[in-house]
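Let me begin by presenting the structure, written as structure tokens, before commenting on it.
The values are calculated or read from the model by the stated rules, or taken from the named source; none is laboratory data. Please read all numbers here as calculations on a predicted model, not as lab measurements. For neighbour counting, all protein chains shown are included, and Cβ atoms are generated from backbone atoms with ideal geometry for every residue, glycine included. Accessible surface is based on the protein model in full, side chains and every heavy atom, while ligands, DNA and RNA are left aside. Shrake-Rupley method; radii C 1.70, N 1.55, O 1.52, S 1.80 Å.
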Amino acid sequence: MSDRHLLELAADLHRRHRPFVRATVVWARSPTSGKAGGSALIEPDGTIHGWIGGACAEPAVLREARRVLNDGEARIMYLGPPEELDGHQRPGVVTVPIACASEGSLEVFMEPVLPQPHVVVAGTSPAVRTLARLASALDWRVTILGDLPDAPAGVEVRSLEHWDELAVDEYTPVVVATQGHFDEPALELALQSPATYIGLVASATRAETVVGYLRDRGFTNEDIDRIESPAGLDLGQIEHREIAVAIMARLIQLRAAGAIEGVAAETGAMITAVDPVCGMAVDTVAARFTLEHDGATVYFCCPGCLAAFEKEPSAFPS
């Protein structure tokens, strides 16, 4: 896959809010099929686009990619002969022994590319429009609930009836700024969700009326306490567009504290097995080379190890 196609794919995955790992070979020593500058994109299910190395390196990179997606931390992988690992250990580097036929080695930079936070804003007021622009400028995903035909580019516009399709979770902030048009039903839905933040843009009198309605609907004081009104940081007497700035500042504050995050990458539990030929750890979910032997599945990192085992199974520990 060419660099241009990889860039286009990365842009497409990012546009669709799909997490992936960008793996780039930053150093290589022959003999190895991986070359400096080689790169690949790795999706949570183990799908790999591009080229970074041969059959021995690939399963190790896939295994580490799952860890990178799970913890969100970038790192460098050193893959080389076991006797060289000590000389490459340093902070931020994961060393992996490659005991196959090749005596080459690689360093691969593993970078997670995770979806940015998703903010749901109910309403079509000037504050909503400005908030959508501010969040979009930070590359956050924005969904507006309301009739807004001229929404900022890249902003998703839905109706309140599509709430269940938004997948609001414990990291999603919800801001209600409908100017009294549908504050109550929007807040009811928000309170029934695990949304990390619920902000209401309303005067003190209007907020009191809304709270009374919600109590009549059976919401408890604990539920009501989840609503921040007025929404955003207290910047004093400000106008509509400045209200959006105050709300965005509050959301950034929450994100800095870890309360707001992007969509987590679902990679599932990772179970590894040892390749009996070379001793490498193989991710059993993503393994491409397996063999049924003595009633059990044996996992291999590459076709060469599989062929060696098939030729003389007794030569290798079970």
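Among (1) of a type outside the set (Gly, Ala, Ser); (2) within 14 Å of the chain's Cα centre (by Cα); (3) crowded, with 16+ Cβ neighbours inside 10 Å, where does ILE76 come up short?
(2)
Which of the residues belonging to the stretch 209-225 are surrounded by fewer than 15 Cβ atoms within 10 Å (Cβ to Cβ) and outside any helix (DSSP H, G or I)?
ARG217, GLY218, THR220, ASP225
Can you run down the residue pairs with Cβ atoms below 9 Å, 6 or more apart or on separate chains, where the first is in the stretch 6-33 and closer than 29 Å to LEU138 by Cβ and free of Cβ contacts under 8 Å to residues at least 60 places away in the same chain and the partner is in a strand (DSSP E or B) and open to solvent by 70 Å² or more (accessible area, probe 1.4 Å)?
Here the result reads LEU6/ARG22, each pair linking the stretch 6-33 to a residue that is in a strand (DSSP E or B) and open to solvent by 70 Å² or more (accessible area, probe 1.4 Å).
Residues in the stretch 43-51: is at least one in a strand (DSSP E or B), surrounded by 22 or more Cβ atoms within 10 Å (Cβ to Cβ) and touching a Ser or Thr at 6+ places or on another chain (Cβ under 7 Å)? Explain how you work it out, then say what you get.
Taking the stretch 43-51 first, the residues in a strand (DSSP E or B) are 48-50.
Filter once more, so that each one left must be surrounded by 22 or more Cβ atoms within 10 Å (Cβ to Cβ): none.
No: zero hits.
Being of a type in the set (Gly, Ala, Ser) and open to solvent by less than 10 Å² (accessible area, probe 1.4 Å) narrows it down to one residue among ALA137, ALA167, ALA186, ALA153; which is it? It would help to see each step written out before you state the result.
Details: ALA137 fails: open to solvent by less than 10 Å² (accessible area, probe 1.4 Å); ALA167 fails: open to solvent by less than 10 Å² (accessible area, probe 1.4 Å); ALA153 fails: open to solvent by less than 10 Å² (accessible area, probe 1.4 Å).
Being of a type in the set (Gly, Ala, Ser) and open to solvent by less than 10 Å² (accessible area, probe 1.4 Å) holds for just one of ALA137, ALA167, ALA186, ALA153, which is ALA186.
Here is a yes/no grid of residues against (1) touching a residue at least 40 places away in the same chain (Cβ under 8 Å); (2) farther than 19 Å from ALA137 by Cα:
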{"position": "SER193", "(1), (2)": "no, yes"}
{"position": "GLY212", "(1), (2)": "no, yes"}
{"position": "ASP216", "(1), (2)": "no, yes"}
{"position": "GLY232", "(1), (2)": "no, no"}
{"position": "LEU251", "(1), (2)": "yes, no"}
{"position": "ILE271", "(1), (2)": "no, yes"}
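Going by the conditions given, is PRO112 assigned to a loop (DSSP other than H, G, I, E, B) and in contact with a Lys or Arg (Cβ under 9 Å, 6 or more places away or on another chain)? Don't jump to the end; show me each part of the working.
Working: assigned to a loop (DSSP other than H, G, I, E, B): no; in contact with a Lys or Arg (Cβ under 9 Å, 6 or more places away or on another chain): yes.
So PRO112 fails the test.
In the stretch 3-29, how many residues are open to solvent by less than 50 Å² (accessible area, probe 1.4 Å), at pLDDT below 90 and closer than 24 Å to LEU79 by Cβ?
Number of matching residues: 1.
Would you check which residues across the stretch 52-64 are part of a loop (DSSP other than H, G, I, E, B) and either at pLDDT 85 or above or open to solvent by less than 30 Å² (accessible area, probe 1.4 Å) (or both) and list them? If you could, list the steps in order and put the result at the bottom.
Quick first cut of the stretch 52-64, residues part of a loop (DSSP other than H, G, I, E, B) only: 52-56.
ILE52, GLY53, GLY54, CYS56 - these are the residues of the stretch 52-64 that are part of a loop (DSSP other than H, G, I, E, B) and either at pLDDT 85 or above or open to solvent by less than 30 Å² (accessible area, probe 1.4 Å) (or both).
Can you tell me which residue within the stretch 146-169, out of those that are in a helix (DSSP H, G or I) and of a type in the set (D, E, K, R), is nearest to the chain's Cα centre (by Cα)?
Taking the stretch 146-169 as the starting set, the residues that turn out to be in a helix (DSSP H, G or I) are 160-165.
Those still in the list that are of a type in the set (D, E, K, R) too: 161, 164-165.
On the way: GLU161: 27, ASP164: 21, GLU165: 19 Å.
For the stretch 146-169, the residue satisfying everything is GLU165.
Residues are listed down the side, and each one gets a yes or a no for (1) closer than 27 Å to GLY279 by Cβ; (2) in contact with a Gly (Cβ under 9 Å, 6 or more places away or on another chain):
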position	(1), (2)
HIS17	no, yes
VAL26	yes, yes
PRO31	yes, yes
GLY37	no, no
ALA40	yes, yes
THR47	yes, no
TRP51	yes, yes
GLY54	yes, yes
ALA57	yes, yes
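With THR95, THR130, THR143 as the choices, which residue is surrounded by fewer than 21 Cβ atoms within 10 Å (Cβ to Cβ) and more than 30 Å from ALA281 (Cα to Cα)? Step through it out loud before you land on a result.
Values: THR95 fails: more than 30 Å from ALA281 (Cα to Cα); THR143 fails: surrounded by fewer than 21 Cβ atoms within 10 Å (Cβ to Cβ).
Selected residue: THR130, the only one of THR95, THR130, THR143 that is surrounded by fewer than 21 Cβ atoms within 10 Å (Cβ to Cβ) and more than 30 Å from ALA281 (Cα to Cα).
If you go through the stretch 285-295 one residue at a time, do you hit one that is at pLDDT 80 or above and buried (at least 18 other Cβ atoms within 10 Å of the Cβ)? Steps first, please.
First pass over the stretch 285-295, keeping only residues at pLDDT 80 or above: 289-295.
Subset that is buried (at least 18 other Cβ atoms within 10 Å of the Cβ): 289.
Yes, the stretch 285-295 contains at least one residue that is at pLDDT 80 or above and buried (at least 18 other Cβ atoms within 10 Å of the Cβ).
Can you spot a residue in the stretch 264-276 that is open to solvent by 50 Å² or more (accessible area, probe 1.4 Å), out of contact with any Ser or Thr (no Cβ under 6 Å at 6 or more places or on another chain) and not in a loop (DSSP other than H, G, I, E, B)?
Yes, some residue in the stretch 264-276 is open to solvent by 50 Å² or more (accessible area, probe 1.4 Å), out of contact with any Ser or Thr (no Cβ under 6 Å at 6 or more places or on another chain) and not in a loop (DSSP other than H, G, I, E, B).
Take ARG241 and tell me if it is in a helix (DSSP H, G or I), charged (D, E, K, R), open to solvent by 80 Å² or more (accessible area, probe 1.4 Å) and touching a Pro at 6+ places or on another chain (Cβ under 8 Å). Working first, answer last.
On the way: in a helix (DSSP H, G or I): yes; charged (D, E, K, R): yes; open to solvent by 80 Å² or more (accessible area, probe 1.4 Å): yes; touching a Pro at 6+ places or on another chain (Cβ under 8 Å): yes.
So ARG241 fits the description; yes.
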